[in-house]
Amino acid sequence: MSARDEVLARVRRAKGPRDPAPVPRDYRAAGTRGPGDLDLFAERLRDYRARVRVVPADQVAETIAAALRERGARRVVVAPGTPPEWTELSYPAGRIESRDPLGGDPREANTEVKAEAKAGANTEAKAEAGAGSEVARAPEGVDAVGLDTDGTVSVDRVGADTLDVAILERADAVVTACHVAVAETGTIVLDHDAADQGPRALTLVPDYHIVVVRADQVVAGVPDAVAALAGVRTQTWISGPSATSDIELERVEGVHGPRTLEVVIAR
Amino acid sequence: MTTFLGMPTGGGHLTGEPFPKAAKHALGNAQLRRNLAKATGTIRAKRANVVGELPDWAELRAAGAAIKDEVLANLDEYLVRFEEALTSRGTHVHWARDADEANRIITGLVKATGTREVIKVKSMATVEIGLNEALADVGVHAVETDLAELIVQLGNDKSSHILVPAIHRNRSEIREVFRREMPGVDPDLTDDPRALAEAARKHLRHKFMTVDVAISGANFGVAETGALVVVESEGNGRMCLTLPRTLISVVGIEKLVPSWRDLEVFLQLLPRSSTGERMNPYTSVWTGPTEGQTSHVVLVDNGRTATLADPDGRAALRCIRCSACLNSCPVYERTGGHAYGSTYPGPIGAVLSPQLTGVDKNPTLPFASSLCGVCYDVCPVAIDIPSMLVHLRERVTESKRATPESTAMRALAWAMSDARRWRRLIRLGKFGRVASRHVPLPGWSTARDLPQPPKETFRDWWESR
């Protein structure tokens with residue numbers, strides 16, 4: 001008898017004739033508690049020592065730019081399906097690589113950007129760079145952004161097919177959207193088949209994760225989120241930055257995952 | 001040997017020296033007791049706080065218990081459904097009757113990749129079956145990536161807790177282990193937990209980026225969809241599940257839940273009960289191999305069907321490995337986990353280990369409890385551990401050969417089962433008045449007086465009134 005058949009036969013002999021009682025579901029079920037409370041959501045996130053910025057929906061781009069500036073992030077990777085305007089202000093003298101995740105070899109493109117960054121190339125020079133890439137015009141007051149001595153930031157838009165862990169290791173930050181968020185537990189869930197959230201490694205390897213949460217994505221409790229996630233194949237539930245309690249059961253933030261989680265809540 | 005329906009039991013790291021002997025040794029270690037009291041005290045307070053926040057905790061707990069009972073009552077059907085869902089999405093499913101078979105399957109899969117090194121997500125199932133040793137035997141080094149497991153591995157130590165295997169170590173002991181065993185570590189490393197976590201990050205970063213085979217367990221498997229769930233904190237789980245091209249997940253057959261929706265219960269019960277957080281930092285869900293990976297699932301019995309066969313013991317298989325019972329147990333807090341001699345220590349270990357191995361191989365564990373009942377109170381899936389302990393004590397006693405005590409008790413049971421027989425017997429009691437003063441009963445009368453039978457029985461007195 002194969003191991004499979006034997007284990008199943010053992011189970012059939014062992015389980016007995018008993019038919020269990022139906023599962024009582026008297027807890028607070030999905031859809032019974034209305035929308036998620038944004039203030040509670042922000043408070044829960046802060047408890048985990050995540051950074052939280054609650055802003056009007058039309059100020060997401062400024063907020064991301066400010067966060068990257070404060071962080072001093074130079075190389076930023078962005079999930080390919082995020083709205084382009086989110087990061088437009090963040091690369092005053094940089095460029096978007098492979099807006100189409102299948103377009104071009106990202107490794108080559110990335111090297112090119114780095115080379116240009118080193119050369120301190122200006123925007124005009126970049127405008128003549130290879131096809132498939134785009135140049136973002138520097139907005140007014142580039143220097144005020146103060147990104148780096150050479151004023152250059154590269155923004156890679158990466159998808160599953162163009163993902164290279166080496167690119168991610170060099171990235172200072174990653175920007176994504178999310179699928180759903182839970183107010184009661186301060187949890188953000190990513191759907192890795194969605195283009196604006198990217199493959200799993202994208203939000204894992206860089207040390208700084210900026211995630212934009214729309215107000216209408218925040219639900220009240222875990223059952224609401226589970227309902228919203230039915231059928232989503234690959235998910236990561238994120239509640240604050242990476243942490244451990246393994247030493248004397250004292251919580252320490254920042255181990256292997258991103259050590260800083262920045263949540264932009266767009267009201 | 002008492003096994004139900006002759007069901008084969010499990011092997012691996014589930015037994016050790018008798019609990020009273022091991023506990024005596026542990027109780028002599030004042031440092032250990034201090035470490036444990038501090039750690040369990042911290043976590044108990046956190047747990048109580050976040051559990052108290054939920055107005056529907058009792059309802060969630062009832063649902064969690066009922067869902068697990070449903071799984072156990074129809075486990076064969078759920079296993080077949082789970083296998084179908086996994087296979088249809090391209091995951092390779094393997095079955096293992098016991099620890100040895102699981103190790104053979106996994107070492108075979110690892111060897112086929114040609115790697116000499118694997119990275120591991122913390123997994124109790126792999127500790128239970130002794131996987132790291134089996135891999136070492138075929139020349140493969142298993143790198144533990146969970147901080148506590150890493151501390152245990154580097155210190156050549158053993159896990160003493162389900163959730164925090166290095167709970168018996170304090171920060172300065174951990175610093176010493178790192179300074180001694182971690183290649184390239186800063187010799188000026190301090191014992192600040194932050195610095196220690198940072199050292200582990202640096203140590204493992206290169207492994208995550210380069211090792212191409214990972215081994216994980218799973219907290220839950222969804223029978224309906226084939227989804228696997230790993231609940232963790234550090235991100236080492238995400239690293240292992242995401243970056244290597246081959247992923248092997250070792251899953252006990254009791255880890256299933258029927259449907260996706262059922263996770264709405266367990267993802268509330270588990271984090272609050274285990275680390276005392278509203279939610280753990282990271283939970284990974286994957287349904288079939290993702291992003292070009294090759295994915296294997298090894299379903300392990302290893303004594304679980306023997307546990308299932310006992311109607312009064314099978315509820316131990318509801319366990320979701322939160323460790324709330326360990327953190328709350330007055331016995332565990334004083335002896336620590338090593339005294340239990342099994343991968344599964346504490347109250348749940350005292351009921352689970354003897355059932356997985358058969359009580360003859362773990363006869364002392366059911367007695368490693370004061371039966372105070374706090375483990376039952378804190379259990380998120382309402383396992384009645386105290387009643388189960390009493391039941392297993394009975395099984396231990398029954399499995400032993402006859403002793404003078406058991407013979408006397410059996411004779412007494414025979415006498416008490418018939419009113420007239422009993423009446424005649426207690427009349428004989430008055431003859432015992434002399435004997436009780438003169439006949440020593442070793443093990444009983446050394447510490448207490450033998451009660452004096454009365455001159456006249458109550459029944460005789462009542463009737464002669």
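The values are calculated or read from the model by the stated rules, or taken from the named source; none is laboratory data. What you are looking at is a predicted structure, and each value in this text was computed from that prediction instead of being measured. Heads up, the Cβs are rebuilt from the backbone with ideal geometry, glycines too, and the neighbour counts pull from every protein chain shown.
General remarks:
- Here B:D191 fits the description: among the acidic types (D, E), part of a loop (DSSP other than H, G, I, E, B) and within 12 Å of another protein chain (Cβ to nearest Cβ).
- Some residue of the range A:8-23 being facing chain B (nearest Cβ under 10 Å) and in contact with a strand residue (DSSP E or B) (Cβ under 8 Å, 6 or more places away or on another chain): no
- Filtered residues of the range B:239-252 (kept if more than 7 Å from chain A (Cβ to nearest Cβ) and either free of Cβ contacts under 8 Å to residues at least 24 places away in the same chain or assigned to a helix (DSSP H, G or I) (or both)): B:C240, B:L241
- Given (1) within 24 Å of B:A63 (Cβ to Cβ); (2) surrounded by 17 or more Cβ atoms within 10 Å (Cβ to Cβ); (3) of a type in the set (K, R), index of the condition A:R18 fails: (2)
- The one condition in (1) crowded, with 24+ Cβ neighbours inside 10 Å; (2) within 7 Å of another protein chain (Cβ to nearest Cβ); (3) modelled with pLDDT of 95 or more that B:L270 fails to fulfil: (2)
- Each residue in the range B:273-313 was checked for being farther than 17 Å from B:T87 by Cα, within 8 Å of chain A (Cβ to nearest Cβ) and not β-branched (V, I, T), and 12 pass.
- Conditions (1) at pLDDT 95 or above; (2) on the phi < 0 side of the Ramachandran plot; (3) in contact with a Lys or Arg (Cβ under 8 Å, 6 or more places away or on another chain); number of the one not met by B:C329: (3)
- Qualifying helices (runs of 4 or more DSSP H) (wholly inside the range B:396-441; at least 2 residues being at pLDDT 80 or above, surrounded by 11 or more Cβ atoms within 10 Å (Cβ to Cβ) and among the basic types (K, R)): B:419-427
- Count of residues meeting criterion [within 14 Å of another protein chain (Cβ to nearest Cβ), touching a residue at least 24 places away in the same chain (Cβ under 8 Å) and farther than 26 Å from B:Y282 by Cβ] in the range B:105-130: 1
- Subset of the range A:31-61 (residues that are assigned to a loop (DSSP other than H, G, I, E, B) and buried (at least 17 other Cβ atoms within 10 Å of the Cβ)): A:G36, A:Y48, A:A50
- Among the residues listed as A:P223, A:P258, A:P206, A:P241, the single one being farther than 29 Å from A:D58 by Cα and not acidic (D, E): A:P223
- Of note, A:V226 does not satisfy the criterion of being assigned to a strand (DSSP E or B) and either closer than 14 Å to A:H179 by Cβ or more than 9 Å from chain B (Cβ to nearest Cβ) (or both).
- Some residue of the range B:43-50 being at pLDDT 95 or above, among the β-branched types (V, I, T) and in a helix (DSSP H, G or I): yes
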